[in-house]
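Report on one structure; see the data block that follows.
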Amino acid sequence: MVTYGGTDYKLDYVNIGMPNDGVTSWIDIKDITNSFTTFETVSATEQKEIDLEFQNEVKRMLEREKKNGGQI
């Protein structure tokens with residue numbers, strides 16, 4: 001989920017994060033305000049590997065959250 005905001009019509013922050021299962025707090029959040037990234041096009045096989053890796057990481061984070069009472 002991407003969140004952003006600021007005051008006086010000025011963008012002060014841009015964050016990307018993953019909320020917990022009940023969407024009551026953040027499992028993880030990163031400030032990407034001044035980030036700029038470029039990447040090459042990936043093949044369908046590479047994309048599938050990336051997707052699987054991301055899904056596995058999310059599962060691990062959710063399991064840690066459950067074990068630790070809402071904290072990862």
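Quick look at the values:
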{"read-out": "Exclusive hit being hydroxyl-bearing (Ser, Thr, Tyr) and farther than 27 Å from residue 70 by Cβ, set 24, 41", "value": "41"}
{"read-out": "The range 2-25, residues that are touching a strand residue (DSSP E or B) at 6+ places or on another chain (Cβ under 7 Å), open to solvent by less than 100 Å² (accessible area, probe 1.4 Å) and free of Cβ contacts under 8 Å to residues at least 12 places away in the same chain", "value": "5, 6"}
{"read-out": "Selection count, the range 55-67, where residues are among the hydrophobic types (A, V, I, L, M, F, W, C) and more than 14 Å from residue 27 (Cα to Cα)", "value": "0"}
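The values are calculated or read from the model by the stated rules, or taken from the named source; none is laboratory data. Keep in mind it's a predicted model, so treat the numbers as computed, not measured. Here the Cβ is made from the backbone with ideal geometry for all residues, glycine too, and neighbour counts use every protein chain on show. Heads up: the accessible areas ignore ligands, DNA and RNA and are worked out on the full protein's heavy atoms, side chains in. Shrake-Rupley method; radii C 1.70, N 1.55, O 1.52, S 1.80 Å.
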